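> Let me give you the structure first, and then I'll get to my questions.
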Amino acid sequence: MFITLEGPEGSGKSMQIRELADFIRQRGFEVFTTREPGGTFIGDQIREVIMRMDNTMMHPNTEILLFCAARAQIVTEVIRPNLDKGVVVISDRYGDSTLAYQGYGHGLDRIVLKEILKFATGGLTPDLTLLLDVDVDEGLNRKIKNGSEWNRLDAQKVEFHKRVRDGYLEMAKAEPDRWRLINASNDPQKVQHDIREVISAKLESVKL
Ligand code: TYD
């Protein structure tokens, strides 16, 4: 089973994923977690190029292709082989991040983006996507408070991040079978509780 976590900045995905992975393991499943961009030797090098604060001259098309290059690598090297072995793969971001950030955020053609995504992933789509939704100002403030890594994409204007969040909400609404909305403004324990409820229901449909 392939599960992805998506959300705007400061939604607390990475912390929640660790606890979620433990929970799924306790239920007897093998779990592999990963994050984008990165997660492979080649992908981590691509991540560095994307995130460097001084790469301000990067064209949006270049950015898309770099995200998708890292994704092509992780899909073939890590995600598909694990799924083939029956492992539950949880990814911190996946193709929907490209649609949210580059599509809704930068305003690039989402039909074209979907074609590029199909090429990069060989058409692999998640079985379940959790949207950890948080208000933009709240999310960005959390990131500043936590002293989290502040990258070139975080530094975009607040308006950009609002478009990203609205984009996520629109995608979740358009494809309700795959997406589940989680209110990530709640305290972390409540967020984890809500995530586990959704996952438990999904796991019940899978035979061990
Ligand atoms: P990261 O430090 O991993 O942040 P987060 O904890 O928010 O996931 O940085 C990833 C950044 O890259 C984040 O700002 C979202 C952005 N991004 C895109 O713009 N497009 C993409 O396709 C992906 C995967 C990420």
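The values are calculated or read from the model by the stated rules, or taken from the named source; none is laboratory data. All figures in this text were calculated on a predicted structure; none of them were measured in a lab. Cβ placement follows ideal geometry from the backbone for every residue including glycine, while neighbour counts extend to all protein chains displayed. SASA here: full protein model, heavy atoms, side chains in, ligands and nucleic acids out. Shrake-Rupley method; radii C 1.70, N 1.55, O 1.52, S 1.80 Å.
> If the Cβ limit is 8 Å and pairs must be 6+ apart or interchain, which residue in region 25-53 that is part of a helix (DSSP H, G or I) pairs with which residue that is of a type in the set (S, T, Y)?
Matching pairs, first to second residue: none at all.
> Right, next: Could you please give the count of residues in region 172-190 that are under 24 Å from G28 (Cβ atoms) and in a helix (DSSP H, G or I)?
Qualifying residue count for the region: 1.
> Sticking with this one: Any residue at all in region 65-88 that is among the basic types (K, R) and outside any helix (DSSP H, G or I)? Even if it seems obvious, please write down each step before you answer.
Here is the first cut: in region 65-88, the residues among the basic types (K, R) are 71, 80, 85.
Narrowing further to those that are outside any helix (DSSP H, G or I): 85.
Yes, region 65-88 contains a residue that is among the basic types (K, R) and outside any helix (DSSP H, G or I).
> Let me ask another. Just to check your reading of the model, which residue among S97, S91 is within 13 Å of the ligand (Cβ to nearest atom), within 25 Å of W179 (Cβ to Cβ), in contact (Cβ under 8 Å) with a residue 60 or more places away in the chain and not in a helix (DSSP H, G or I)? Let's see the steps before the verdict.
Numbers: S97 fails: not in a helix (DSSP H, G or I).
So the residue among S97, S91 that is within 13 Å of the ligand (Cβ to nearest atom), within 25 Å of W179 (Cβ to Cβ), in contact (Cβ under 8 Å) with a residue 60 or more places away in the chain and not in a helix (DSSP H, G or I) is S91.
> Further question on the same structure: Give the residue that is least open to solvent (accessible area, probe 1.4 Å), with candidates limited to residues of region 164-196 that are basic (K, R) and in contact (Cβ under 8 Å) with a residue 24 or more places away in the chain.
R178
> Also: Restricting attention to region 8-19, does a residue exist that is farther than 19 Å from E197 by Cβ, part of a loop (DSSP other than H, G, I, E, B) and away from the ligand (no atom under 14 Å from the Cβ)? Outline the logic, then answer.
Initial filter on region 8-19 (farther than 19 Å from E197 by Cβ): 8-10, 14.
From what's left, part of a loop (DSSP other than H, G, I, E, B): 8-10.
Filter once more, keeping what is away from the ligand (no atom under 14 Å from the Cβ): none.
No, the conditions are met nowhere in region 8-19.
> Here's another thing I want to ask about it. Would you point out the residue of region 135-158, among those that are part of a loop (DSSP other than H, G, I, E, B) and more than 11 Å from the ligand (Cβ to nearest atom), that is nearest to the chain's Cα centre (by Cα)? Quick ask: steps written out before the conclusion?
Here is the first cut: in region 135-158, the residues part of a loop (DSSP other than H, G, I, E, B) are 135, 147-157.
So of that shortlist, the ones also more than 11 Å from the ligand (Cβ to nearest atom) come out as 135, 147, 157.
Values: D135: 17, G147: 21, K157: 20 Å.
The extreme case among them is D135.
> Then there's this: In region 86-143, what residues are surrounded by 15 or more Cβ atoms within 10 Å (Cβ to Cβ) and of a type in the set (S, T, N, Q)?
S91, S97, T98, Q102, T121, T125, T129
> Can you find a residue that is more than 16 Å from the chain's Cα centre (by Cα) and on the phi < 0 side of the Ramachandran plot anywhere in region 118-128? Show your work before the answer.
Residues of region 118-128 that are more than 16 Å from the chain's Cα centre (by Cα), as a first pass: 118-119, 122-123.
Checking the rest, the ones that are also on the phi < 0 side of the Ramachandran plot come to 118-119.
Checked against the condition, which is being more than 16 Å from the chain's Cα centre (by Cα) and on the phi < 0 side of the Ramachandran plot, region 118-128 yields at least one hit.
> Turning to a different aspect of this structure: Just give me the residues in region 21-46 being among the charged types (D, E, K, R), open to solvent by 30 Å² or more (accessible area, probe 1.4 Å) and within 11 Å of the ligand (Cβ to nearest atom), in sequence order. I'd like the intermediate steps shown before the answer.
Taking region 21-46 as the starting set, the residues that turn out to be among the charged types (D, E, K, R) are 22, 25, 27, 30, 35-36, 44.
Restricting the remaining residues to those that are open to solvent by 30 Å² or more (accessible area, probe 1.4 Å) gives 22, 25, 27, 30, 35, 44.
Result: R35, single match.
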